[in-house]
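Encoded as structure tokens, the structure appears first; notes follow it.
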Amino acid sequence: MRARRAGVAVIGVGLLLGGCATIPQGGAVHVAHVENRDGTVDEPDSRVLPPGPTEGQAPPDVVRGFINASASADNAYAIARSFLTRAVGKAWQAPRAVIVYDEGSLQANLSGRVVTVTVNQVGRIDARGGFSLASGSLSFQYPVTKDRGEWRIATPPEQLLLSEADVRRSFRSVDIYFVNPSDQVVVPDRVYLQSSRRDLPTRLAERLLSGPSSWLAPAVRTAFPAGTKLTGRVDVRNGMATVPLSRQALRANASQRRAMSAQLVWTLKQLTDMSGLEILAGGAPLDVPGQGAPQSRDDWPSYDPDVLDSDAAVYYSRDGSVRSPVDNPAAGAAGAAQIDNGKVLRSVPNVPLRHPVVAGGRLAALGPVPDGVGLYTGALSSGPLAVVWRAAAMTPPAFDVRGRLWTVVTDAAGKQRVLVVPQGGRPTYVPAPDLAAGDVQQLCPSRDGARVVAVVGQPGQRQVYVGRVADHGGALSLGGFHTVLPDRYVDVADVGWLDADRIVVLVKTSDTGRAAGRFPLVAAVDGWPGLEATVLTAGLPSDEPLQIAAAPGGHRLLVSVGGQIWGSASGIWQPLAVGEDPAYGSPAS
Amino acid sequence: MTLDVVPPVVSELSLVGRLAQRWRSSLQLRVAATTFLLSGVVVALLGLYLQQRLTDGLLSAKVTAALTELDAGVTKADATLGSAYASDPAETETIVDSLFEDLKRATPTGLYDVALITTSSTENGRISGEISDTSIPARLTASVGEGNKAYAYAPLRYLDGHTVEGLIAGGPVISTGVGPYQLYYFFPLDQEEATIALVRRVLLTVGAMLVVLVVGVAALVTHQVVTPVRQAARSAQRFATGLLEERMRVRGSDELAQLATSFNAMAASLQSHIQRLESLSRLQRRFVADVSHELRTPLTTVRMAADMLHQSRSQFDPEVARSAELLQTQLNRFELLLADLLEISRHDAGAVELDTEPVELQQLVRQVVDDVRVLAERRACDVVLDLPGDPVVVDADARRLGRVLRNLLGNALEHGAGQPVEVSLRAGDGCAAVSVRDRGPGLRPGEAGLVFNRFWRADPARSRHTGGTGLGLSIALEDTRLHGGWLQAWGEPGRGAVFRMTVPLRVGASFAASPLPLDPTETESTQTAPAAPQPRDPVAAVLPGQPGMPQ
């Protein structure tokens, strides 16, 4: 009897439990922890499926088809290979260097047994993946022969010819990070790799270990000891990336190891599924002092090349004083009074200050001195502002991450020289041979201090140039200047650094399809046309904007127009203050 | 603890044979095996069905999702390319680019891949991710080319060579002036495969556990039934061996308790009957013993008087002298009968003792033959001896053995009908046998078992002439049994009879077979074949209590 009762109880419990094994219909709210993966580069790519050669194709079409098919790297450029003769195709390796041409400009003409192709060049990608703008017309010869009754190319050229759209489809841009000479921040080196996601972690690490691009090399350092190589693939399993380095990595000292780890974390952080990093040297984990192993993707925030932290503030000048806008100026009439005044931060009696810049609690501004302009510096909050330099004219000053103040001074004779005022040190001239002839209107270093952007030229013909700050054991020099905007953008008024990879420029365009007048343009530091983005000016007053300022991390784009400073958030422009010379700075020291 | 069975003849069995024997002998094993088989089959069928339904369900959900995506994608592509007017190839490419980005953006990383395929020789197709366009099977391309929205299961091939089972759905895109284009969606089914594999594993585990559970339950239930049956069998066995107090334990009031109660009632009834019979038999024997003993006293007196009369018979009239002779003869007979009765009573009472000494059997046989020479001459029967060369020595009571042999030989000569009587002696494995064969009228079927009964006569008409008491063979049997031996008879009408005595070489030792055959007709084939423990002739019966019966 007892056994029977126990059995009934067991069956009852079993039925109850069985009823629970269904889809839940209520219950607690579960908070999910989904990380925000900004700045990842490994989204799935789109590949092109170009058509192969058809029967009876004429030689110009064969060459066109070959150039079109060069965009598809599947199976080692199998489709492009099919446009070559059998013998040549067997041994042909697709070149790494690419010439980027403007799509509509390709012309192919047959004469004899050679097809001549003429294109308008837009840029180049070198064998290591660095992009540079170029222009002009190029022509290439493609000798053709009959191979098994069909026309085929006998000698392909040594560079791959790809249109801009093709490059956009078949390459992906990644940043490889190196350290600036003071080991404070990492500096991005943008390269273009094959867009296939296969082995992307390994290719990133390999590119990092092979050193910076030749353009950036004088301005940065790599913390990896000479001869360090990868001893195997970089595997990312369950979010943990394992980088196996050779024994040379063990020679690095403590600060080098920290920098090595930062370089790897920042470079591999661009992979979506990487959440941790483990570095092996000679098979054993590498000990990075001050950091637990393995590192996580959020480590090394202090190495951020966009040095500005979240308490970046806006500074401007009005009536000779340095001001800051009141908090949250709301749109509408109620805000007009606030916009009008702002908060006065500093002023020097009888010295109207212009072009204020703030960094690390220090303030620098230009003010009149007898016979010219003086550079005033001092602490932002209090204390005297001292004149550290006098000259006939000066470009607006700018700070870099090492607290150095940069400006271009013009002496009484009209000669221009680049001046750098280190923190607590003597101002020195920096040689800049490329700028010798020019008429430099502005020189602005990137926040990481490794590159500079300059506006050079006569009024109405000003252009933007990007150069690097070469550091040879403390001796600085500027060089490597090149244009980064296509020719159709003219009359640059102002420039600023948006983040470590992009600049903002106030330009006009000679494109007839667009409205006249200046507008802000976002462009890539290396001139890559794919990143160009026009900022819409709807809502701004009709006057021409004169100055522009930007900061990374979602801060508003600031434009000075018609005596007011306007800021744009999500495409909507709002007035912030009455004044000029807007700039971002960090008040904390 | 199973019921005992008659062990098979061959003592060594193969594995299959052992298994088959175990199968036959254990109800529990049969029930467990049958349950295992049946439940295994049912569970397997159910599991297969379940898995099939799950697979279908999973795949049909995937197919529905695939076709929905395909519909949405084709609609978008139709809208874009159907009204596209491109002035140059570059513009076409731009339009297709932006369309493809749109289509691709709808796919979060890894869920599926998209391909926009064209057969045009001037335009490029597009494909996303790392999948290779060779994954699209020709049959699907053909079907889509005819204007259908179709799907097919095919392995998805990737650029790095690995393949994953997948579902490909495709449809044609309406486009004017460009193309023609076909849109394909690639859905990897590795998640579904993993789910199905998980389900299969779970089903296998659960099914196996279920089968084991069912078999266990069946074995348990069978055990509950089989145990009382075994108990009943064991009690019956013990009862049969003579433990008449053996009873079964009664638990509860179910059918098994009823069995136990009935068994106990039967055992009690049998016990009281047997006890009554035994006491009756005891009474009877005691009566015979008492009577025989009481008769001795007057017999002695009568004997003495008869002797005196016999001595002086010459002084009487011829009739009186004849009467005196008759009296003497019959008194002799009476004395013999009484002696035999007393002897058999002693056997019945268990009051006999063996007086054993080493006896040389050949010598004993010769002596017995000598003893009956007179009878042999009178009957004109020859006695043929078949004795081995080596001496055969047994531990035995010479007197009793001699009596047995004399009785056998006497019977053979009496019933010999003048034919020679054969006496054989053989030594065997732990035993020795003497057989006496006559070629007289023999025994009728069934009489070989009755011949050892008390006062049984083969032919009632001959009783008065032979002078035998009717107890000779019974005494001979008891004497042989006392030695632990066998006394067996064989006979066929017209072919004579054989009486065989087999005794162990040492008293109390056991032996399995007799060295001499009981059935003489079988000696024609083999002379030395050991006789079976049980006689093969249906005429010759094995009497109860003789070795060879199940103990």
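The values are calculated or read from the model by the stated rules, or taken from the named source; none is laboratory data. No experiment lies behind these values; they were computed from the predicted model shown. No Cβ is skipped: glycine too gets one built from the backbone with ideal geometry, and neighbour counts run over all protein chains shown.
Summary table below
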item: Complete set of residues in the stretch B:155-174 that are surrounded by fewer than 22 Cβ atoms within 10 Å (Cβ to Cβ) and farther than 12 Å from B:ILE136 by Cα; result: B:LEU159, B:ASP160, B:GLY161, B:HIS162, B:THR163, B:VAL164, B:GLU165, B:PRO172, B:ILE174
item: Residue selected from the stretch A:97-119 under the condition over 19 Å from A:ASN68 (Cβ atoms) and surrounded by fewer than 14 Cβ atoms within 10 Å (Cβ to Cβ), by the criterion farthest from the other protein chains (Cβ to nearest Cβ); result: A:GLY112
item: Among residues of the stretch B:312-342, those that are among the hydroxyl-bearing types (Ser, Thr, Tyr) and within 22 Å of B:ASP290 (Cα to Cα), counted; result: 0
item: Matching residues, the stretch A:78-94, being within 14 Å of chain B (Cβ to nearest Cβ), surrounded by 18 or more Cβ atoms within 10 Å (Cβ to Cβ) and in a helix (DSSP H, G or I); result: A:ILE79, A:ALA80
item: Positions within the stretch B:133-154 being among the small types (Gly, Ala, Ser) and assigned to a strand (DSSP E or B), in sequence order; result: B:ALA150, B:ALA152, B:ALA154
item: B:GLU255 vs. criteria closer than 29 Å to B:LEU336 by Cα and free of Cβ contacts under 8 Å to residues at least 12 places away in the same chain; result: no
item: Count - residues of the stretch A:408-428 that are closer than 20 Å to A:SER182 by Cβ and not in a loop (DSSP other than H, G, I, E, B); result: 5
item: Considering residues of the stretch A:530-572 that are modelled with pLDDT under 85 and among the polar types (S, T, N, Q) only, the residue surrounded by the fewest Cβ atoms within 10 Å (Cβ to Cβ); result: A:SER570
item: Per-region count, the stretch B:197-241, residues within 20 Å of the chain's Cα centre (by Cα) and either more than 17 Å from B:SER262 (Cα to Cα) or not hydrophobic (A, V, I, L, M, F, W, C) (or both); result: 8
item: Matching strands (runs of 3 or more DSSP E) fully within the stretch A:95-191 where at least 2 residues are at pLDDT 90 or above, farther than 23 Å from A:ALA78 by Cβ and among the small types (Gly, Ala, Ser); result: A:137-147
item: Subset of the stretch B:57-92 (residues that are polar (S, T, N, Q) and within 14 Å of chain A (Cβ to nearest Cβ)); result: B:SER87, B:THR92
item: Wholly within the stretch A:465-535, strands (runs of 3 or more DSSP E) carrying at least 3 residues that are out of contact with any strand residue (DSSP E or B) (no Cβ under 9 Å at 6 or more places or on another chain); result: none
item: Wholly within the stretch A:542-589, strands (runs of 3 or more DSSP E) carrying at least 2 residues that are small (Gly, Ala, Ser) and over 24 Å from A:GLN441 (Cα atoms); result: A:564-569
item: Options B:ARG157, B:ARG126: the member that is of a type in the set (Lys, Arg), outside any loop (DSSP other than H, G, I, E, B) and at the interface with chain A (Cβ under 10 Å from one of its Cβ atoms); result: B:ARG126
item: A:ALA69, sole failed condition from (1) more than 12 Å from A:VAL144 (Cβ to Cβ); (2) facing another protein chain (nearest Cβ under 10 Å); (3) touching an Asp or Glu at 6+ places or on another chain (Cβ under 7 Å); result: (3)
item: Odd one out for A:ILE125, checked against (1) over 30 Å from A:PRO305 (Cα atoms); (2) more than 13 Å from every other protein chain (Cβ to nearest Cβ); (3) surrounded by 15 or more Cβ atoms within 10 Å (Cβ to Cβ); (4) not small (Gly, Ala, Ser); result: (1)
item: Of all residues in the stretch B:93-117 being within 8 Å of chain A (Cβ to nearest Cβ) and of a type in the set (Ser, Thr, Tyr), the one that is farthest from B:VAL173 (Cα to Cα); result: B:THR109
item: Residue count, the stretch A:481-526 (criterion: of a type in the set (Gly, Ala, Ser) and either crowded, with 20+ Cβ neighbours inside 10 Å or within 13 Å of A:VAL559 (Cβ to Cβ) (or both)); result: 6
item: Only listed residue being hydroxyl-bearing (Ser, Thr, Tyr), buried (at least 17 other Cβ atoms within 10 Å of the Cβ), away from every other protein chain (no Cβ under 14 Å) and closer than 28 Å to A:LEU209 by Cα, chosen from A:SER182, A:SER173; result: A:SER173
item: Any pair with Cβ under 6 angstrom, 6 or more apart, that starts in the stretch B:173-191 at a residue that is in the same structural domain as B:THR80 (by TED's automatic domain parsing) and over 19 Å from B:THR122 (Cβ atoms) and ends at one that is assigned to a loop (DSSP other than H, G, I, E, B) and of a type in the set (Phe, Trp, Tyr); result: B:TYR185/B:TYR112; B:PHE186/B:TYR112; B:PHE187/B:TYR112
